[in-house]
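Colleague: Could you have a look at this structure, given as structure tokens, before my questions?
The values are calculated or read from the model by the stated rules, or taken from the named source; none is laboratory data. Not measured: the values here are computed from a predicted model. All Cβ positions, glycine included, derive from the backbone under ideal geometry; neighbour counts span all protein chains shown. Each accessible area value is taken on the protein alone, full model and side chains, heavy atoms only, with ligands, DNA and RNA left out. Shrake-Rupley method; radii C 1.70, N 1.55, O 1.52, S 1.80 Å.
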Amino acid sequence: MVAVRGSITGRGPDWGRIGLHVGCLAVLLVMLYPLVWLVATSFKPADEVISSLQLLPSRIELGNYATALEGVGGVSVLRLIGNSLIISVGAVLGNVLSCSLAAYAFARLRFTLRGPLFALMLATIMLPQHAILIPQYIVFNQLGLVNTFWPLVLPKFLATDAFFVFLTVQFMRGIPKELDEAATLDGCGPFRTFFRIILPLSRPALITTAIFTFIWTWNDFFLQLIYLFEPEKFTITLALRSFVDTSSQSAYGPMFAMSVIALLPIVLFFMAFQRFLVQGMASSGVKG
Amino acid sequence: MNVEAPDQRLSEKPGVERPAGAPKTEGTRRKGKREGAAWVFLSPWLLGAAVLTLTPMLASLYLSFTEYDLFTAPKWVGLDNYVHMFTQDPRYWRSAVNTLVYVLVAVPLQLAFALAAALALNSIGRGKGFYRSAFYAPSLLGASMSIALVWRALFNDGGTVDDLLSSIGVNMGGWVNQPGWALLVVALLTIWQFGAPMVIFLAGLQQVPGELYEAAEVDGAGRLRRFRSVTLPMLSPVLFFNLVLQTIQAFQVFTPAFTVSGGRGGPADSTLFYTLYLYDRGFTASHMGYAAAMAWVLLVVIGIVTALLFRSSRSWVFYNDKG
């Protein structure tokens, strides 16, 4: 809404808009530099990683990736990625299922205590995870589940990520009420209505939940650090950290090769789903 | 961030508003059945809230009055943890101050960038989709350890940023190893991720009715005046939403501080963030009671800050409630 007049009246070039493009491109160049640097460094031979000021490697060194693929502490990268995948996919299934169930109750059904419970659900969005972390850890420890994937996946099946409940409630509110009413007239109970009508129509919210759960779980470090300690159970993030701890500066190249490997699934996810992502986020206010 | 129960107002999304004449009451015939069904749908969340949220919260409060190392039974020590924390633990205060400084630097700057970018993209026309995705990319990747490692390398002694500054005559000798600057490196990493609030600002800008601008223009309002009198008030709910969420998140920052500082909050505790110290006390030093006390103070502080933000919002957030 700024500087649109020039183009509408068609008088000469629209300098305001050209300036915006130039500005945006300049900012973008600076912003994307770290990402380009990461990829470039992962292909650099060892002697260029630190000393050379060139962004691009003089020759492509694939050895970094060969080293990275060997993994950490005798655990191959495939295993590490597999562990990350199990946790992330488990979390996605849990969140999509449990959050949509709760959201349906809040958005479409009437029951006593709905208002207070909804307020409670919203309040838990603001709750710092550290306030519940220690007792949760103690419980999982006593159940013998520390150093398994359960503490990272199980809570998702109980809709503990209230944010996604909220997001899905917001979305389901927008689905016309007449559809439920028609379904009720056709003899559908709440369960059939949910599975046949509301759930399919809520797909954008479910996709948003799935994408963010996947990316946040994949990137998460804190909980994995606390709950997993055997190298065989490590995720790619944890492995990256122990890789940094155990190797010297000379292993910079392999370290960044592994960083690229760790980011690859997220980039692929982003490219595949970014259309849904930006839409879903804009309509509900999710953060990255 | 409205805290009313669903259905008390119409959907915010344009184009899907319920027609005014649509019946609002469901048949009471099935009310009993629906009530039962509602609790079934709610049961996973209820179980989670009870077992994994509320009970641990209370347990955490109890533990904060104990000394507990996971192996022997918790020993009741009253207020000792809190007293020690506030009066005898300089590292605790260091972590609290670091976190506060970080919140005060990173959140406003991040939101300023997000708003500026959203305004630019909103009037850029072609290429908007491309810029939006590109600006957003750091928000997705930036939370990862990989990017934190890149950050550490770029800002290290001899890293690109350091070299760049040397070439214009500023010899820093690296940022991440200087107590005065390491915190800023972590803050920059957060600011860099302005894409997430930007997207929400963009969505908010699209809701501003064009007539308001036309009317303002007719009234002779200049560009700055239109921004101040139309855009900012109309955008204030979105600004508030972003402010609350980013602030709450910033108080809990962990991964970048952990990574940039090599896991210890250095140099000289300059990146010892609250959660990093909490992790250190609880899981490295096995003082679970102390860590629980820290967690409760964090909970209270976040609660107070959120309440203050909500209270202040009454005077600057403008809700254009049509329904």
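Colleague: Quick one: with all protein chains in place, what share of the accessible area of the protein assembly as shown is carbon or sulfur, to the nearest percent (1.4 Å probe)?
Modeller: For the protein assembly as shown, the apolar C and S fraction of the accessible surface comes to 66 percent.
Colleague: Can I ask one more? Helices from chain A with mean Kyte-Doolittle at least -1.0 and a Cα length along the axis of 30 Å or more, per DSSP H: which?
Modeller: Long hydrophobic helices here: A:15-42, A:77-108, A:252-284.
Colleague: Sticking with this one: Roughly how many Å² is the accessible area per residue of segment B:208-261, as a whole number, for a 1.4 Å probe?
Modeller: That works out to 42 Å² per residue.
Colleague: Is it possible to state the helix-based mean residue ellipticity at 222 nm for chain A, with each DSSP H run of 4+ residues giving -39500 (n - 2.57), the sum divided by total residues, to the nearest 500 deg cm²/dmol? What is it?
Modeller: Calculated mean residue ellipticity at 222 nm is -22000 deg cm²/dmol.
Colleague: To continue, here is another question. Just need the relative contact order of chain A here, percent rounded to a whole number, with Cα pairs under 8 Å and 6+ apart.
Modeller: 29 percent
Colleague: With a 1.4 Å probe and all protein chains in place, put B:281, B:226, A:203 in order of accessible area, largest first.
Modeller: Sorted descending by solvent-accessible area, the residues read A:203, B:281, B:226.
Colleague: Could I ask something else about it? Taking chain B, how much of its Cα-Cα pair set, in percent, is spaced more than 32 angstrom apart?
Modeller: Roughly 48 percent, once rounded to a whole number.
Colleague: Another question, then. Assuming 1.567 mPa s and 4 °C, estimate D for chain A with Stokes-Einstein, Rh taken as the Kirkwood radius over Cα pairs, in µm²/s.
Modeller: 58 µm²/s
Colleague: Heavy-atom accessible area of residue B:57 with all protein chains present, probe 1.4 Å, nearest 10 Å²?
Modeller: 40 Å²
Colleague: Threshold 40 Å², probe 1.4 Å: give the residues of segment B:280-308, in number order, that are less accessible with all protein chains present than with their chain alone.
Modeller: B:283, B:299
Colleague: The protein assembly as shown: percent of C-alpha pairs farther apart than 43 Å?
Modeller: Value for the protein assembly as shown: 25 percent of Cα pairs lie more than 43 Å apart.
Colleague: Next question. Quick one: Debye curve from the C-alpha atoms of segment B:177-282, no solvent, what's log10 I(q)/I(0) at q = 0.14, 0.17, 0.21, 0.22 Å⁻¹?
Modeller: Summing over Cα pairs of segment B:177-282 leads to -0.68, -0.81, -1.03, -1.08.
Colleague: Accessible area per residue for segment B:115-183 in Å², computed with a 1.4 Å probe and the full protein assembly in place, what is it?
Modeller: 36 Å²
Colleague: Where does each of A:108, B:132, B:314 land when they are ordered by accessible area, with a 1.4 Å probe and the largest first?
Modeller: The most accessible residue leads, giving B:314, B:132, A:108.
Colleague: If I ignore ligands, DNA and RNA and count only protein heavy atoms, how much of residue B:219 is accessible to a 1.4 Å probe, in Å² to the nearest 10?
Modeller: 130 Å²
Colleague: Give the long-range amide H neighbours of residue B:66: residues separated by 5 or more places, or on another chain, with amide H under 5 Å away, using H modelled in the peptide plane at 1.01 Å from N.
Modeller: Correct list: B:77.
Colleague: Find the accessible area per residue for chain A; the probe is 1.4 Å, ligands and nucleic acids are left out, and the unit is Å².
Modeller: 42 Å²
Colleague: In Å², rounded to the nearest 100, what is the total accessible surface buried by chains A and B against each other with a 1.4 Å probe?
Modeller: Heavy-atom accessible area buried at this interface is about 9800 Å².
Colleague: Give me the Kirkwood hydrodynamic radius of segment A:101-257, using the inverse of the mean 1/r over all pairs of distinct Cα atoms, in Å to one decimal.
Modeller: 18.7 Å is the Kirkwood radius here.
Colleague: What does segment A:168-238 give for Rg and for Dmax, in Å, if only its C-alpha atoms count?
Modeller: When restricted to Cα atoms, segment A:168-238 yields Rg and Dmax of 19.1, 57 Å.
Colleague: Treat every Asp and Glu Cβ in chain A as -1 and every Lys and Arg Cβ as +1, leave all other atoms uncharged, and give the resulting dipole magnitude about the Cα centre to the nearest 20 debye.
Modeller: For chain A, the charge dipole is close to 960 debye.
Colleague: In segment B:148-162, what residues drop by 30 Å² or more in accessible surface going from the chain by itself to the full protein assembly, probe 1.4 Å?
Modeller: The answer is B:149, B:150, B:153, B:154, B:160.
Colleague: Now a separate question. When the solvent-accessible surface of protein heavy atoms is calculated with a 1.4 angstrom probe, in what order do A:61, B:217 fall, highest first?
Modeller: Result, largest first: B:217, A:61.
Colleague: Could you work out Rg/(2.2 N^0.38 Å) for segment B:89-219, with Rg from alpha carbons only?
Modeller: 1.35
Colleague: With every protein chain present, what accessible area does residue B:306 have (1.4 Å probe, heavy atoms only), rounded to the nearest 10 Å²?
Modeller: 10 Å²
Colleague: Report the Rg/Rh value for segment A:151-209, based on alpha-carbon coordinates and the Kirkwood definition of Rh.
Modeller: Dividing the radius of gyration by the Kirkwood radius yields 1.06.
Colleague: Sticking with this structure for a sec: Could you point to the residue in A:73, B:74, A:45 farthest towards the positive end of the protein assembly as shown's charge dipole, with +1 and -1 charges on the Cβ of Lys/Arg and Asp/Glu respectively?
Modeller: The listed residue farthest towards the positive side: B:74.
Colleague: Turning to a different aspect of this structure: To the nearest 0.05, how large is the calculated FRET efficiency for residue A:93 and residue B:116 if R₀ is 41 Å and r is the Cβ-Cβ distance?
Modeller: 0.55
Colleague: Expected output is a single nm value to one decimal: the length gained when fully extending between residue B:264 and residue B:284, i.e. 0.36 nm times separation in residues minus the C-alpha distance. What is it?
Modeller: Once the chain is fully extended between residue B:264 and residue B:284, it gains 6.1 nm.
Colleague: Expressed in nm², what is the orientationally averaged projection area of the convex hull enclosing the Cα positions of segment A:53-118?
Modeller: Its average projected convex-hull area is 9.6 nm².
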